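Worksheet for the structure shown next.
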């Protein structure tokens, strides 16, 4: 997740602005799954007081820690930054300094990683070109087959968390084509390169590199130098960044480990838990196609938070089309507006709380809509 959007929807974690996600526990939610032992966490901060005319924000976990300037300042010689990273990781996460040094000695700078992250493919595409990347017959049929093959496990996680199974499947479909393409870069190389040779995002990636050491100390079955993933360091079928893996992964079958690389019970439970952590509303709507009064100027919210009352959006010319879902309580639940260039012209959408939750996985509004539409196609083809 999360983050400039990456070609393949990089992870539970890496968002469109590469902004850091949270480190602490969520507010109480319906039946989050039991996990293997994890670091102690403190409660999420209370909802932020609304601004004039806006509804309260969806409570979110605090941001994940990033590395300090001594680790990431390009004006500091590289050797000193690496030494500072070793000290930071050892002090913060209790990892043996010699283990960190020995592992970093195996890391390699990869220019291909810098090239990839500086030209994200889908970020500049309009919706009419972005949608066909993910909403294809192959991906729809693949999702229906994947759901059928794993229905018992998926439906069990859905019943426990309130996250519909088709959204779990759609995340896996968009991220890795149902596990067929989980990335070919060594995660160590990706995070090392971005932490020490990509100054604009170095604090985030150095923080993730430190979290990788902490994660593999907690999950000894993970061979740190051998881990493969995306060019941004995301791993497994659901493309979790190390911090998301460490903080929010779940032991879905209670076998004492959390394996998000190939072990489906853990993958399903962890994706659902990521949604729960970020405020998924069981049974709530996701998006609605909107009718827009073309005589008005389009409203472009400053972010995707669903804090705009439905009445206020109607005053701006945005109303759900007939038959489209609306919040259960229009007095206390709001929406955001998404205006897109579709095949037939401008499209206008109202994104509700659950839409916002999907954008916490990847902060592209088009990503969230693609996940939603793929989920609907998968559900439409599911056998009773």
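General remarks:
- Evaluating residue 60 against the criteria (1) assigned to a loop (DSSP other than H, G, I, E, B); (2) at pLDDT 85 or above; (3) more than 21 Å from the chain's Cα centre (by Cα) leaves one unmet condition, (3).
- Candidates are the residues of the range 61-82 that are more than 15 Å from residue 208 (Cα to Cα) and touching a helix residue (DSSP H, G or I) at 6+ places or on another chain (Cβ under 9 Å); the one that is surrounded by the fewest Cβ atoms within 10 Å (Cβ to Cβ) is 78.
- Conditions (1) in contact with a strand residue (DSSP E or B) (Cβ under 9 Å, 6 or more places away or on another chain); (2) more than 19 Å from residue 358 (Cβ to Cβ); (3) in a loop (DSSP other than H, G, I, E, B); number of the one not met by residue 331: (1)
- Among the residues listed as 169, 174, 163, the single one being closer than 24 Å to residue 281 by Cβ and outside any helix (DSSP H, G or I): 163
- Listed by first and then second residue, the pairs with beta-carbon distance under 7 Å, at least 6 apart or on different chains, first residue in the range 62-84 and closer than 27 Å to residue 277 by Cβ, second surrounded by fewer than 14 Cβ atoms within 10 Å (Cβ to Cβ) and modelled with pLDDT under 95, are 62/45.
The values are calculated or read from the model by the stated rules, or taken from the named source; none is laboratory data. Predicted model, so just to flag it, every value in this text is computed and none were measured. Quick reminder, even Gly has a Cβ in these numbers, built from the backbone with ideal geometry, and neighbours come from all protein chains shown.
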